[in-house]
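The block underneath contains the structure these notes are about, expressed in structure tokens.
The values are calculated or read from the model by the stated rules, or taken from the named source; none is laboratory data. Please read these numbers as outputs of a predicted model, since none were measured by experiment. FYI the Cβ positions are ideal-geometry reconstructions off the backbone, even for glycines, and counts take in every protein chain you see.
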């Protein structure tokens with residue numbers, strides 16, 4: 001008989017959470033992915049204990065952290081991309097977020113502040129029903145609204161879209 005593992009939907013205390021330092025209205029994380037006690041490849045150059053005196057080497061180890069959750073989220077995004085090759089990264093992120101499995105807030109005292117929209121569910125994400133698209137211009141407008149000037153924006157975008165968007169923002173501010 002199948003038994004659901006209640007710990008599978010728990011976000012560990014060391015996981016980052018909270019507001020974005022640049023735009024405090026943006027909360028992180030967006031979604032959750034498996035990242036605790038993951039069997040992962042391990043470099044044979046260093047010991048699993050990280051001690052310079054330890055001569056033991058392994059090909060695999062059990063690891064935890066964002067670096068373990070990231071490959072799961074990336075793999076889920078790549079999986080969704082195979083079904084929707086013309087979707088942008090923001091559409092794929094939207095699909096993963098809007099179809100995430102609800103997590104148990106009794107297992108996570110910070111609730112949504114700990115796990116975002118929930119745990120990724122790649123099979124649901126291939127048919128989300130609705131995706132939200134965010135374009136480069138949307139990000140530039142957001143950065144302008146929090147005080148980024150032309151020089152800072154050019155460091156990020158590296159093109160003339162910044163000049164165009166700043167001009168558009170000035171024009172729109174008259175209305």
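Could you pull out every one of the helices (runs of 4 or more DSSP H) wholly within region 21-121 that has 3 or more residues that are surrounded by fewer than 12 Cβ atoms within 10 Å (Cβ to Cβ) and under 20 Å from the mean Cα position of the chain (by Cα)?
66-83
Suppose the filter is within 28 Å of residue 139 (Cα to Cα), touching a helix residue (DSSP H, G or I) at 6+ places or on another chain (Cβ under 8 Å) and at pLDDT 75 or above; does residue 38 pass it? I'd like the intermediate steps shown before the answer.
Numbers: within 28 Å of residue 139 (Cα to Cα): no; touching a helix residue (DSSP H, G or I) at 6+ places or on another chain (Cβ under 8 Å): yes; at pLDDT 75 or above: yes.
Here the answer is no, as residue 38 does not meet what is asked.
I'd like the full set of residues that are in contact with a helix residue (DSSP H, G or I) (Cβ under 6 Å, 6 or more places away or on another chain) and outside any helix (DSSP H, G or I), limited to region 125-141.
126, 128, 131, 132, 133, 134
Would a scan of region 151-169 turn up a residue that is under 22 Å from residue 22 (Cβ atoms), crowded, with 19+ Cβ neighbours inside 10 Å and modelled with pLDDT of 75 or more?
Yes, because at least one residue in region 151-169 is under 22 Å from residue 22 (Cβ atoms), crowded, with 19+ Cβ neighbours inside 10 Å and modelled with pLDDT of 75 or more.
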